[in-house]
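*Asks:* Quick one: structure below, then a few questions.
The values are calculated or read from the model by the stated rules, or taken from the named source; none is laboratory data. Nothing here was measured: the structure is a model prediction, and the numbers come from that model. Virtual Cβ from ideal backbone geometry, glycine too; neighbours counted across all protein chains shown. Just the protein is used for accessible areas: all its heavy atoms, side chains included, with ligands, DNA and RNA removed. Shrake-Rupley method; radii C 1.70, N 1.55, O 1.52, S 1.80 Å.
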Amino acid sequence: MQSQSILEQIEPGTWKRLLGRRAMVRQGVVAGLAATSVPMFLAALARDAHAQAVPTVLQVLNFALTLEHLEAEFYNIAVGRTAIPAAYGTAATVLAGGGASLRPVMEEIAKHETAHVTVLQQTITQLGGTPVAKPTFDFTGGRGATGANGRFGGPFADVFTNAQTFLALAQAFEDTGVRAYKGGAAALVSNVPVLEAALQIHSIEARHAAMVRRLRAEKGWVSGRASTLPTAAQAVYGPGAAAAQFPAEDNTSQAGVNVATLAGASGQVGVAAASEAFDEPLDVATVLQIAGLFIRA
Amino acid sequence: MSKVERVLTGALARVPAGASRREFLRLAGLLGGAVAFAACDDGDEITGGGETGGPVTLNFAQPLDVLRYAFALEALEADFYTRVVANAAFATAFASAAERQLLTDVRDHEIAHREFFRAAITAAGGTLPTLTTRYPSTVNLGDRGSVLATARTFEDLGVAAYNGAGRYLVSRPELLTLAGKIVSVEARHASAIRDLLAPNTDRFANVSDLAALGANEALGLDAKATPTQVLAAAQPFIAQSLTATGV
């Protein structure tokens, strides 16, 4: 099993069919991607996104891998599987401070995000691409800048010692992840096994998101675009670069239908349920703006 | 019709309230390709013989039938939660106000999904399947454990269904994105329901119990089931015979 490719594990028999697509996919790889310098890759991806270019399958996968690296390191530091970098200047005590109930939840999420990194790395390699390297993260939200004391100095300095800060960022990452995969799905239609794997990761992220939200005494679903997240994270529920295609989470219009005015349990569905019942996608550039707060420039 | 069988919806083909002509035209445009395709294919049959209805065959080669599939699943979920919340024992079975609110929210989401698909299919000139729900005697709509176990089954099945239907929408990326907007909400429901059953454990997202529906816990991959699998799992709850073709 170990030597078997992830794609074969996901869907036995598909790898041979995929090989035929390989040359085609390779042609779609932008030259800059091979360099795998993370900031270069992110900058190029953001530029492409702004230029409205349809990202290639490999670009979407490396974009997803970047987010999974972020999530995996975040949770692995919290559960103690990854040593906390010295730049935080503290031990990771967040689970001890958040009550016994936090650990099993965070261990499960850490396990999934770590697996997602592996799945994406192997899939990218199998498609002839180069997995983007893990960036240097700064979960204090200061883009990796360190002060005279050599420590990260972003607004979330207590991220690994204060459960409320930690959970707020977890919610931001999970809800952003859900929007990011949703926004990327349409660019994967040329490769069904990869599309399906992405969809399967997407709904796992949504399970995580609901749990983290409920741990913060929020509803498991996104209601409107107001949130209890810190100001710096409000963009998580806002509109994307092209608001018509990537509306904010308070959107109630789907395919031209005003869902709020459809027949509900009594009267109409209403604005709240219409917003909650549909999660909205987000574009690559906007997701990278959000994630960029936590990546060393 | 047996005692446990109930009419799921009344006038399934009625024009949705609030659907303006502009909305109709936009939807017709959205689904235009599917309509044209369906119109010239005799195999596209959603038969309905009044309240009892005939067998339901869904052809997954046609995007409009993928929407009918979604409508059927959402209608089943909406019917279930509507009955749960309206049940005389609701307030006593669910003593926690937070749990009652959660289930009421889920009911309203499923109704929103059902009504959206009703509007979309109707506006595209499609017909809606006539479905009659039935609940096995093992399901007790007034019992917390039974309700939550059934809800978990429905939500996980919904996630598996949408994830497995993506491959039938690759020619219609806008419909793929639309399905994506809904599947993550179903996954949020599944997470919350599973947490009510086993609070603050790994169960909210541990999908090792969904391996038969295509989940892979070790790889962090959620359920993904074929239409045939999904319809077989839904069949005990729907009186009409359900069949998937073109898969």
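*Asks:* Which value in nm describes the separation of the simple spin-label points at A:ARG81 and A:LYS134, placed 7 Å from the Cα toward the beta carbon?
*Replies:* 1.1 nm
*Asks:* Also, I was wondering about something else. Sticking to Cα atoms, compute the Rg of segment A:245-291 to one decimal and its Dmax as the biggest Cα-Cα distance, whole number, in Å.
*Replies:* Both quantities, over Cα of segment A:245-291: 13.0, 41 Å.
*Asks:* Chain pair B, A: how much accessible area is buried, both chains summed, with a 1.4 Å probe, in Å² to 100?
*Replies:* Values: alone 11240 and 13380 Å², together 19470 Å².
For B against A, buried area totals roughly 5200 Å².
*Asks:* Then there's this: State whether segment B:110-214 is rounded, prolate or oblate according to the following rule on the C-alpha gyration tensor (a ≥ b ≥ c being the square roots of its eigenvalues): a/c under 1.5 gives rounded; otherwise a/b larger than b/c gives prolate, and the remaining case gives oblate. List each step's numbers first, then the result.
*Replies:* Working: a/c = 2.28, a/b = 1.42, b/c = 1.60.
Oblate, because a/c is 1.5 or more while a/b does not exceed b/c.
*Asks:* I would also like to ask the following. Can you send over the carbon and sulfur percentage of the accessible area for segment A:57-184, probe radius 1.4 Å, protein chains only?
*Replies:* Details: 2100 of 3860 Å².
The nonpolar share, carbon plus sulfur, comes to 54 percent.
*Asks:* Right, here's the next one. Keeping every protein chain in place, order B:SER208, B:SER184, A:SER266 by accessible area at 1.4 Å, biggest value first, i.e. largest first. Show your work: numbers first, answer last.
*Replies:* Working: B:SER208 65, B:SER184 0, A:SER266 100 Å².
Largest accessible area first, the residues go A:SER266, B:SER208, B:SER184.
*Asks:* Let me ask another. Mind checking the per residue accessible area of segment A:66-203 for me, 1.4 Å probe, whole number of Å²? Before the final figure, lay out the partial values.
*Replies:* Values: 4060 Å² over 138 residues.
About 29 Å² of surface per residue is accessible.
*Asks:* May I ask which of B:LYS181/B:LYS224; A:LYS134/B:LYS224; A:LYS111/B:LYS181; A:LYS182/B:LYS181; A:LYS111/A:LYS219 have a Cα-Cα span longer than 19 Å here?
*Replies:* Working: B:LYS181/B:LYS224 16 Å; A:LYS134/B:LYS224 29 Å; A:LYS111/B:LYS181 25 Å; A:LYS182/B:LYS181 7 Å; A:LYS111/A:LYS219 24 Å.
Beyond 19 Å: A:LYS134/B:LYS224; A:LYS111/B:LYS181; A:LYS111/A:LYS219.
*Asks:* Let me ask another. Classify segment A:202-267: rounded, prolate or oblate, from the alpha-carbon gyration tensor (a ≥ b ≥ c, eigenvalue square roots; a/c under 1.5 rounded; otherwise prolate if a/b is larger than b/c)?
*Replies:* Details: a/c = 1.84, a/b = 1.26, b/c = 1.46.
Oblate, because a/c is 1.5 or more while a/b does not exceed b/c.
*Asks:* Go through A:THR252, A:THR231, A:THR176 and list them by solvent-accessible area, largest first, probe radius 1.4 Å.
*Replies:* Order by accessible area, largest first: A:THR231, A:THR252, A:THR176.
*Asks:* Let me ask another. Once you put a point 7 Å from the Cα of B:VAL247 and another 7 Å from the Cα of A:ALA217, both along the Cβ direction, what distance in nm separates them?
*Replies:* 4.5 nm
*Asks:* If you don't mind, there's one more thing I want to ask. So if I average 1/r over every pair of distinct C-alpha atoms in segment A:80-145 and take the inverse, what Kirkwood radius in Å does that give?
*Replies:* 14.4 Å is the Kirkwood radius here.
*Asks:* A follow-up question, please. How high is the relative contact order of segment B:83-236? Use alpha-carbon pairs under 8 Å, at least six apart in sequence, and give a whole percent.
*Replies:* Relative contact order, segment B:83-236: 22 percent.
*Asks:* Taking a spot 7 Å from the Cα of A:ALA297 along the direction of its beta carbon, which residues of segment A:144-171 have an amide N less than 12 Å from it?
*Replies:* Only A:144-146 fall inside the zone, counting backbone N under 12 Å.
*Asks:* When only Cα pairs under 8 Å and 6 or more residues apart are kept, what is the percent relative contact order across segment A:126-267? Write down the numbers at each step before the final one.
*Replies:* Details: 125 pairs, mean separation 19.6, N = 142.
Computed value for segment A:126-267: 14 percent relative contact order.
*Asks:* Near A:PHE246, within a Cβ-to-Cβ distance under 15 Å, what is the net charge of the other residues, with Lys and Arg +1 and Asp and Glu -1? Before the final figure, lay out the partial values.
*Replies:* On the way: positive: A:ARG179, A:LYS182, A:ARG225, B:LYS181; negative: A:ASP175, A:GLU249, A:ASP250, A:ASP279, A:GLU280, A:ASP283, B:GLU174.
That works out to -3.
*Asks:* Largest first, what is the accessible-area ranking of A:LYS134, A:LYS111, A:LYS182, B:LYS224 with a 1.4 Å probe? If you can, show how the numbers build up before the last one.
*Replies:* Numbers: A:LYS134 105, A:LYS111 85, A:LYS182 5, B:LYS224 35 Å².
Largest to smallest exposure gives the sequence A:LYS134, A:LYS111, B:LYS224, A:LYS182.
*Asks:* Mind listing the phi-derived Karplus ³J(HN,Hα) values for segment A:292-297, rounded to whole Hz, using 6.51, -1.76 and 1.60 with θ = phi - 60°, and x for any glycine or proline?
*Replies:* Coupling constants for segment A:292-297: x, 4, 10, 10, 4, 6 Hz.
*Asks:* Sort all Cα-Cα distances of segment A:120-251 into consecutive 10 angstrom bins from zero, then give the percent of pairs in each bin up to the one containing the longest distance.
*Replies:* Over segment A:120-251, the share of Cα pairs per 10 Å bin runs 11, 33, 34, 20, 2, 0 percent.
*Asks:* I'd like the FRET efficiency for A:ALA91 and B:ALA211, computed as 1/(1 + (r/R0)^6) with the beta carbon distance as r and R0 of 45 Å, rounded to 0.05.
*Replies:* Details: r = 38 Å, r/R0 = 0.83.
Step by step, r from the Cβ atoms, then E = 0.75.
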